[in-house]
């Protein structure tokens, strides 16, 4: 069974926000690699120096200096360090955003989080890293202190931190989002998350969005660099990998749960997308 963390920090006065130095986490666990796990809250890793790898929804990314990782609630991840990392780990819940007048739409508009099967780190130039590090250090100082309204201050600093990260994105789509297309993309993602085990075809989602499948494909492609069909398939694959890795269900049961009428169809789909059969993935 997958380890799942439901609260940010049960031992602190705030269960909605937490920040720690990565080196302190490393020392606390004596360098032991944690098992793959998921959080019920947002996680940001600001990495100053590191050597290792970071697996997010079973996709491996190099862990190295001058990076920022963004992990959404529910995503499975694992940090594997070859040596002690230096940086900051920030965690915050949707409740923290609401309590500090940060609308959830703000997080969605930034496009730093989510994207199933595609959560690469943001690579930061050294001169820009200093500004982000300063904001993280201020958040940590407030967090460890006892100032009045300290979480209000942290909320303001967190907003500024995320805005700066968004401005550093090297994807032009993040800088030139068409509002109408952005609204369609948000609704599409919500629908896929709710119905990917039943609906594998683009036209079902297009019908609910009251647009043509071609319109949906163009919109998703322009904003994400992949078609609507590819996004749906990514969500199915992530769901399949989680179930294969963490559940006790048979491959046949998983196939049916994911909406495949025949296990052979699921096997062919999984191998086409990953290069491995479900059994090979389960046993690797």
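I'd like to check something: does region 92-115 contain any residue that is over 20 Å from residue 193 (Cβ atoms), loosely packed, with under 14 Cβ neighbours inside 10 Å and in contact with a strand residue (DSSP E or B) (Cβ under 9 Å, 6 or more places away or on another chain)?
No, region 92-115 has no match at all.
What number of residues within region 62-84 are surrounded by fewer than 16 Cβ atoms within 10 Å (Cβ to Cβ) and either at pLDDT below 90 or closer than 23 Å to residue 242 by Cβ (or both)?
4
The values are calculated or read from the model by the stated rules, or taken from the named source; none is laboratory data. Not measured: the values here are computed from a predicted model. Don't worry about glycine lacking a Cβ; one is built from the backbone with ideal geometry, like all the others, and counts go over all protein chains shown.
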